[in-house]
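Read through the structure below, which is laid out as structure tokens, and then see the notes.
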Amino acid sequence: TYKNEQGWRRFDLQNPSRMDRNVEMFMTIEKTLVQNNCLSRPTIYLVPDIELKLLNKLKDIIKCHQGSVTEDKSKSTHHVYPIPTTPEDDEWLRPVMKRDKQVLVHWGFSPDSYDTWVPISDIDAEIEDPPLPEKPWKVHAKWVLDTDVFNEWMNEEDYEVDENRKPVSFRQRISMKNEEPARSPERKDRKSSGSAKKRKRSPSPPPTPTECKRKSGKKGQTGVFGKRRGPKEDDEQDDLTKDMEDPTPVPNIEEVMLPKNVNPKKDSEHTPVKGGVVADLDEQEEEAVAASGKEDEDPNKGDQSRSIDSGGDRKST
């Protein structure tokens, strides 16, 4: 309907020149969903004992993302408590849905838009029904902080706390460190009766893009599943040699060093003279040898004749 009202022939979400009109379209869709009670904004009660600096920051984030803060606990949809002092394992996943030969996997402390379909052979665990939500939700402050990081309201189930303000989970979490399903033992009535099995290893999802990386302590996750999935998958493998220097290129022509006693300007004795013929050189060489041979014979004969003449003269005397 919106497309027809605007006179568009088709939706074009890739053209930068249409960005403003596309944003206006999404805002119109959002407004319509809110008016028809298909989309609701959280009304949040912040526990007073949250540190003042953090409290003000949380209020700004809630307002920025069109949520509301209330002082009336009974009218709130969420109760936000201080961040637990006990560190939580942030490298885990939860199987959410099975369809044909695929399983939808939710990555811990990532928004639902990051959920990934993986082959069913990679996740050997039962799919549990979601727990019955208790309203209001009881979550800790990271739920609001991560909403600001990802620009999306986070999954409350990842941040739930119990009456003692300790983290609690009612569905299995498959850790990427020890590969064992885990859940909190309390409140078993909110979890399904499906038994969890040990998970097989599965390939790592593509790396998370830079713009969707978490803040300090939330950078790309490592372990069995590597980094969490980002909004846009990057199928290309990282170049492992990109930070290395380029190797020195080998030239096609190599320089050969000549010995010092060799004169490179002197022509080889076997090199023909420019403009000459090899046959002519051979004939000239034979003629020169023959001439030198005659010269060698004539002086010997002259010496012998002279010695004979001198001997005859001595006898006559």
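So E186 clears everything in (1) within 25 Å of S113 (Cβ to Cβ); (2) at pLDDT below 90 except one condition, right? Which one?
If we test E186 against (1) within 25 Å of S113 (Cβ to Cβ); (2) at pLDDT below 90, just (1) comes out false.
Is at least one residue of the range 7-15 modelled with pLDDT under 90, on the phi > 0 side of the Ramachandran plot and either open to solvent by 80 Å² or more (accessible area, probe 1.4 Å) or part of a loop (DSSP other than H, G, I, E, B) (or both)?
Yes, that holds for at least one residue.
Quick one: how many residues across the range 112-124 are surrounded by fewer than 20 Cβ atoms within 10 Å (Cβ to Cβ), more than 21 Å from W143 (Cβ to Cβ) and in contact with a strand residue (DSSP E or B) (Cβ under 8 Å, 6 or more places away or on another chain)?
Of the residues in that region, 6 qualify.
Which of the residues that make up the range 68-111 are acidic (D, E), open to solvent by 60 Å² or more (accessible area, probe 1.4 Å) and more than 21 Å from L58 (Cα to Cα)?
Selection gives D100 alone.
Which one is modelled with the highest pLDDT, of the residues in the range 130-157 that are open to solvent by 30 Å² or more (accessible area, probe 1.4 Å), more than 16 Å from S40 (Cα to Cα) and over 31 Å from the mean Cα position of the chain (by Cα)?
Here the residue is K138.
Take L55 and decide whether it is within 23 Å of R165 (Cβ to Cβ), without any contact (Cβ under 8 Å) to a residue 24 or more places away in the chain and surrounded by 14 or more Cβ atoms within 10 Å (Cβ to Cβ).
yes
The values are calculated or read from the model by the stated rules, or taken from the named source; none is laboratory data. On a predicted model such as this, the values are computed, not experimentally measured, just so you know. As a convention, Cβ positions derive from the backbone with ideal geometry for all residues, glycine included, and neighbour counts pool all protein chains shown. Side chains are part of the model used for accessible areas, which takes the heavy atoms of the whole protein and leaves out ligands, DNA and RNA. Shrake-Rupley method; radii C 1.70, N 1.55, O 1.52, S 1.80 Å.
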